[in-house]
Each structure stands twice: as C-alpha cells, then as structure tokens.
Amino acid sequence: MRSGRNTDSGWAWVVLAVSVFNMYVLGTLAISVGMFQDRFLQHYDGSTAYISLVCSFFISLQSILVQYTYIHNDWGTILSVGLVASSITNTLPQLLGCFGILSGIGFGIIYTPATIAVGYYFREKRVLAHGLATSFIGVGVLSGPHVIGWLIDQFGWRTAMSTLGCVIAQMVVTGSLIFPHERSKQSASVAVGKYVSAFTLLKDKILLIILLNYFTYMMGYSIQLVHLPSYVRSVGVPPAKVPSLFTAYGLTLTVARILIGAICNDKSTDLLMMYISCQGLNSLTILFMPLFAYGFAQLVLYEVLFGLYYGVSFMLLTPIVVELFGVERLATVFGVTLCVGGVSYLIGPTIAGALYDMTSSYAAGFHIGGSVSLLGTMLLFLIPILKREAKVPGDPENPECLDPS
C-alpha cells in the first residue's frame, strides 16, 4: 500500500490519469480485433479458419493470462513489440506468432495490472477512482474503432497496427509511475494460491455448471467479436459503418451496466433467473441475427440488443458467484471462469471461420454460436436443484454487485 501522503491525494491522481490512458488504449485494442481480422482476410492468402485462429489466439490469451497480476509494467513491451512486428509480417505463420501469440501474451499480462492500479493508491475515494478508470474502457469501445477505422482507411492496416503498438509503448513509460518491482514475488505467491484453491473448488458440481455455461456462452460472444466486421462486409454494408456499430454496442453496454447496478441493490431480485434470461435472449439474438440483419439499420438493432443482454449478463456474474461461493472465493472462481472463457475464445471463431470456408457464408457460424450458447444457458436451470441438495457457502442475503473489471 502507498504511504499515507500519497493515498487519495497527490501522486494518486497522477496514477489515476495513467490508468485512464491505459484503459482507453486497451479498450480500443480489444474491440478492434475484428476490424483487423477483416483486413487480414483481404491481404493474406489463406483459409478463413487459419486467419480466425490468429485472432482467436489473441483474445484467448488475453482472457487466460488475465490473472497474472504479478507481471509488471515493463511487460507492456511485449504487447508493443508484438503489434509492431505484426505490421511487417508477410506470411500467416509470422502473423500467428507475432499478433496471435506474442501480442496476445502481452495483452493478457498487462490488462489486470492496468485495471487494479488505482486500488493501491486510493482508499476513501477508491470506488470513485476505480469507476473513472474502468469507464474509459467503455470510452475506448465507443470511440476507439473510429480512430482505428480512420487509420486503416487512410494509411492501411499495417500503419494502423504499428501506430497502436507505438502508443502502447507509452504504457511502459507511464506504467513505471505505478507499480514498484518488489511486489512481484508476493503477487506470484498469491497467484499460486489461487490455483491451489481452484483445483479444490473444481469438485463443486455447481462450479462445473458455471464453467461449462461460461464456456458455451463465450462461444457465441467470441464469434461476434471476431467475425462481425467480415459479416458486415459480406452483406454489402460498407466497412466504414463498422465503427458506428461498435458505438451502438458500447453505448448500450454502458447503459446496461448502470441499469444492473441499480437492480442489484434490490434484494428481492432473483439474480440467477435474470442471468439465465439475459443469456438466453442474447443467445437467441446471435442465433437469429443472420436471418434479419442484412442492412445497416438492422445491424444497429442487433448491436443494441447484443450490448444490452451481454452487458447485463456479464455484470451479473460477479454477484452470482458471491451468492453461490462467498466473497472469499470470488477472485478464485472468477479467475478460473475467465480462463475457461479464454479456451472458448480460441475455439469459437476458428470453427466459424472453417464453416465460412465450407459454405462461403458467415451465417452458419452465428447460428452455431447462438445455438451452443443457448444450450449452455439451459444448464443453469440445474443450479437451483443442486442448491437444494447441498449447502451453498455464499451469503444469499448479500449478493454484492462488484465490478468484474
């Protein structure tokens, strides 16, 4: 913890400014993966499945490695070097190594330190500071695609990616203002402890249901994240419209987070049933999207519905984990759940890419992703049954709404 004179004042505000910058850049990078994927498809001579695997590795590693909080600011170099190296690749294996693996590792190990930084410098104003910092992920989702889209249109995807890499290199400098290096061994021990606890928890049937559900749910989400820009182009909508679609998604996602924050304060709300309902509706939205979204207006409607249902369901995951497993197990359960989701990220877009290679249509991928997500949602109905058979360690009277970011 920082010294008293730097807590909630002084240097703490410098750290908050750094965190705001980091969150904006990371939000921009995360939402722009599909835009780069579409350019890769046009530039490289290879199957859609292979190129999808490249982007799948990137988003998968980000989720799998998100627990590694003991890795420090200088590891932002990996992400920066990976992006710049990706911009000069000439073959798909090179792109897989530089963008999919190297950049993916860099993104994964830099994300959590950038997210939790303000927690070490704020005490009384921690909630406000954390809210300000994480809100700029949303700002990145809203405006970032417009910046990346402009760079791609004006200078090409290689320049856009190298520019992003150079910007992220500044995170190495700004990150040095946040974390002292002596924290690494302590944090590493905490990470090891999390994994030991995770293996113990895996014996819990309810946890296995949560993990299997999240794995299938992220199948549909990852397909939408990677393949939506290519789908937009395939139905004749200009690629220049894609950033506006992400803006509609980001706005709705933000509203959904605020909405669910208010709902969580009502103890009479059945959070699990709301979680199931939103997941089911989101799965149906993905499943039926290719049947109605042939123009820009319909695609905006799709993104609004997707942002609403996904935003609510993701924010509900944390209070549900608290209710089922207790606050003391929140970090472990949530971390394992994200890792499982990362594996799904690797599989979903790749399967959708292979289906496009066979059918010359992205519709099949969205149909499969939505169907698998819907089947996973049905598994959640087993939880009330299992709860009646075993005592749940959580506190159902205090389903705290904690921010999973």
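Name the pairs: first residue in segment 221-248 and farther than 18 Å from residue 371 by Cα, second residue β-branched (Val, Ile, Thr) and open to solvent by 20 Å² or more (accessible area, probe 1.4 Å), Cβ to Cβ under 7 Å, at least 6 apart or on different chains?
The qualifying pairs are 245/300; 248/300; 248/304.
Could you check, for segment 291-301, whether at least one of its residues is assigned to a loop (DSSP other than H, G, I, E, B), under 23 Å from residue 144 (Cβ atoms), of a type in the set (A, V, I, L, M) and in contact (Cβ under 8 Å) with a residue 12 or more places away in the chain?
yes
Working only within segment 38-67, note down all residues that are crowded, with 24+ Cβ neighbours inside 10 Å and of a type in the set (Val, Ile, Thr).
If the condition is that a residue be crowded, with 24+ Cβ neighbours inside 10 Å and of a type in the set (Val, Ile, Thr), then 48, 51, 54, 59 are the ones that fit.
Are any residues in segment 88-115 within 12 Å of residue 43 (Cβ to Cβ) and open to solvent by 10 Å² or more (accessible area, probe 1.4 Å), and if so, which ones?
90, 91, 92
Mind telling me which of the residues 370, 342 ends up being over 27 Å from residue 269 (Cα atoms) and surrounded by 20 or more Cβ atoms within 10 Å (Cβ to Cβ)?
None of the other options fit; the residue is 342.
For segment 74-171, please list each of the helices (runs of 4 or more DSSP H) lying entirely inside it that holds at least 1 residues being in contact with a Ser or Thr (Cβ under 8 Å, 6 or more places away or on another chain), under 13 Å from residue 20 (Cα atoms) and modelled with pLDDT under 90.
Output list reads 104-116, 126-155.
In segment 276-289, what count of residues is obtained for those that are surrounded by fewer than 20 Cβ atoms within 10 Å (Cβ to Cβ) and in contact (Cβ under 8 Å) with a residue 24 or more places away in the chain?
Number satisfying all stated conditions: 5.
The values are calculated or read from the model by the stated rules, or taken from the named source; none is laboratory data. For clarity, every value in this text was computed on a predicted model and none was experimentally measured. In this analysis, Cβ positions are derived from the backbone assuming ideal geometry, glycine residues included, and neighbour counts consider all displayed protein chains. Side chains are part of the model used for accessible areas, which takes the heavy atoms of the whole protein and leaves out ligands, DNA and RNA. Shrake-Rupley method; radii C 1.70, N 1.55, O 1.52, S 1.80 Å.
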